[in-house]
Protein chains: 2
Amino acid sequence: MSEPGLPPFESIIAGLTARPLARCVVVAPHSVEAIAAVAQVVAEGAVLDLTGDRARIKNLLAEAEVDVSAVRIHDSGDSDTAVDRAVDLIRTGDAEFVVKGSIPTADLLGGLLRQRLPGRSACASHIYVMQLEQFGGRTVLLTDAGVNIEPDLATKAAIVENALQLYSVLSSARPRLAVLSAIEKVSTRIPATLDAAELRLMAERGKLGAVDVDGPMPLDAALFPESAVNKNLAGEVAGQADILLAPDLNSGNLLAKALVGHHAPAMGVVLGAGVPVALPSRGDTVATRRHSFYLASHLTRSAATSPNGCDRE
Amino acid sequence: MSEPGLPPFESIIAGLTARPLARCVVVAPHSVEAIAAVAQVVAEGAVLDLTGDRARIKNLLAEAEVDVSAVRIHDSGDSDTAVDRAVDLIRTGDAEFVVKGSIPTADLLGGLLRQRLPGRSACASHIYVMQLEQFGGRTVLLTDAGVNIEPDLATKAAIVENALQLYSVLSSARPRLAVLSAIEKVSTRIPATLDAAELRLMAERGKLGAVDVDGPMPLDAALFPESAVNKNLAGEVAGQADILLAPDLNSGNLLAKALVGHHAPAMGVVLGAGVPVALPSRGDTVATRRHSFYLASHLTRSAATSPNGCDRE
């Protein structure tokens, strides 16, 4: 088989954490879990801006014994204000990426997108980096499991663009993207299969950049060479996908949760909002939250353009 | 935590295989994999009817060294005829359940449903029985990952009915059903969350039978008690679901494939078509295919009523 596109998860982490964090604002770190990750990166030398309820944050910092000289709290009572304060820090160059605290994803991204920050791409979308223990340990990107509810074809193309941006900072190999579906046939009764056929055509015509795209295909055909053979799927992508594109938010999210299971290595980030946004889940371990900080930080050096809107969670 | 609803997968298998197979017709066993499962159950004493291309089947049987005195081949060239022959056997009482060979699922189910067999329920739907290695080893049912493309509320209620029928032959405990979604909030922007709220209400009002229903909820909240607590989901279901109801075919199928991974214990069956239909996947092991035979066989003793149609793959 051809060589893997993405390095092993552990070496990605080693690469990410080898450099100090870029300047960062954590929005509404009002939970023990959010502060535990703050404590971790502060102990590693980071200096952070935090926006949210000063009293709550101070209590949580004290409980977690965080060195308060390494954090600046920007008091902002409600979550809208906490997002606005974060945007101020981005505009002045004092913050280069954002970490979600205990604010709902929709509130955070809605606030960021309303501010029309420069450097955002056609669509904000979530990308998981995950190591698939149940699938031979390979590392893949999975998108979009967190932002776009029912993306149309144009939005899917923008989601692909964001995923390729992330991929390019993790690997120099040509990426192989599988457009997922329940079946490998194109059927007018399953619209996601039509999108897959069109994305494949767009890729062949060079509209999606340097990427091999194939689909529609079920998950097993995307990840297992023997399943690809079984389903008569030839080509570069089937059986060795580096990027998995989900049909919609429900399927992406359920798929991500199933693949992560009980804390398989994974981390998530939103690209396209102007600055990278680390988006830990409530169930994430401190290690995963820490990795998300470093992933988003690493991505500050690359950015996309061309604004637009999309149907978000 | 309260006691588990379904027995461990191994003891389900032990229970299923303790009884001889009911009378069975295998439709279009035109692949090495399909015949390998036939060989297995024939070696265990089963007598089977096979419909399909006699010459191909005879060759495959010879290669697999199957005792041909234990099989009756009903020659039927194309797949429509193979299904019609199977229906004839069901109508005369010579077959009590169906096993899919290498015929497409849509052709097999379409053919069976067109024949309006007595005993079918409001909707045919697929149910997986699986042991979730990544989720503490618990056994769950997952539906519908194989038949209904975008089920509406009434179809989801019928899908629940079929799942409860299967559940009831595996466990006498009261089932806990989680209606899955990307989020745990009810949002008009994500229709599956509205269905979840309505199914919950229907269950509370006794419209779905003896079952506790909760949702919408993400996968982790359905399966991990700590995630349920994290997301403020109280009640009987969250964290200890026995039955997972997927939003639609794509999400159900991707979820099933992710949970099964590299051959986790699983088996699938379609209920509601008049007789149980064992529906092995092309990637299934011989063991899984064999288990599907016994599962469908076991279900011949229970049946539902009230015909209707639904939007199938």
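The values are calculated or read from the model by the stated rules, or taken from the named source; none is laboratory data. All of these numbers come straight from a predicted model, not from anything done at the bench. Cβ placement follows ideal geometry from the backbone for every residue including glycine, while neighbour counts extend to all protein chains displayed.
Of note:
- Matching option when the condition is at pLDDT 95 or above, in contact with a helix residue (DSSP H, G or I) (Cβ under 9 Å, 6 or more places away or on another chain) and either under 23 Å from A:Ala234 (Cα atoms) or surrounded by fewer than 24 Cβ atoms within 10 Å (Cβ to Cβ) (or both), among A:Val98, A:Val140: A:Val140
- Qualifying residue in the stretch A:274-287 (condition: without any contact (Cβ under 8 Å) to a residue 24 or more places away in the chain, within 13 Å of another protein chain (Cβ to nearest Cβ), touching a helix residue (DSSP H, G or I) at 6+ places or on another chain (Cβ under 7 Å) and within 27 Å of B:Asn253 (Cα to Cα)): yes
- Screening the stretch A:265-313 for residues that are at pLDDT below 95, touching a Phe, Trp or Tyr at 6+ places or on another chain (Cβ under 6 Å) and in a strand (DSSP E or B) and picking the one that is surrounded by the most Cβ atoms within 10 Å (Cβ to Cβ) gives A:Gly268.
- Residue match in the stretch A:62-74 (condition: assigned to a strand (DSSP E or B), surrounded by fewer than 16 Cβ atoms within 10 Å (Cβ to Cβ) and among the basic types (Lys, Arg)): yes
- Selection of the stretch B:128-137 for residues being closer than 21 Å to B:Ala238 by Cβ, of a type in the set (A, V, I, L, M, F, W, C) and more than 10 Å from every other protein chain (Cβ to nearest Cβ) yields only B:Met130.
Yes/no per residue for (1) in contact with a strand residue (DSSP E or B) (Cβ under 7 Å, 6 or more places away or on another chain); (2) touching a residue at least 40 places away in the same chain (Cβ under 8 Å); (3) within 19 Å of A:Arg290 (Cβ to Cβ):
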position: A:Ala43; (1), (2), (3): no, no, yes
position: A:Ile57; (1), (2), (3): yes, no, yes
position: A:Glu65; (1), (2), (3): no, no, yes
position: A:Gly77; (1), (2), (3): no, no, no
position: A:Val83; (1), (2), (3): yes, yes, no
position: A:Gly111; (1), (2), (3): no, no, no
position: A:Ser125; (1), (2), (3): yes, yes, no
position: A:Gln131; (1), (2), (3): yes, yes, yes
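- Residue in the stretch A:245-264 that is more than 9 Å from chain B (Cβ to nearest Cβ), crowded, with 21+ Cβ neighbours inside 10 Å and farther than 30 Å from A:Ala43 by Cα present: yes
- Filtered residues of the stretch B:177-217 (kept if buried (at least 21 other Cβ atoms within 10 Å of the Cβ), more than 10 Å from chain A (Cβ to nearest Cβ) and part of a helix (DSSP H, G or I)): B:Asp195, B:Ala196, B:Leu199, B:Arg200, B:Ala203
- Yes/no for A:Gly146 being within 13 Å of chain B (Cβ to nearest Cβ), surrounded by fewer than 16 Cβ atoms within 10 Å (Cβ to Cβ), modelled with pLDDT under 95 and assigned to a loop (DSSP other than H, G, I, E, B): no
- Matching residues, the stretch B:229-272, being of a type in the set (A, V, I, L, M), in contact (Cβ under 8 Å) with a residue 12 or more places away in the chain and under 16 Å from B:Glu184 (Cβ atoms): B:Leu233, B:Val237, B:Ala238, B:Ala241, B:Leu244, B:Leu245, B:Ala246
- Residue count for the stretch A:114-132 satisfying the condition of being surrounded by 20 or more Cβ atoms within 10 Å (Cβ to Cβ) and more than 22 Å from A:Glu33 (Cβ to Cβ): 7.
- The residue that is farthest from the other protein chains (Cβ to nearest Cβ), among those in the stretch B:218-239 that are in contact with a Lys or Arg (Cβ under 8 Å, 6 or more places away or on another chain) and farther than 19 Å from A:Ala256 by Cα, is B:Glu236.
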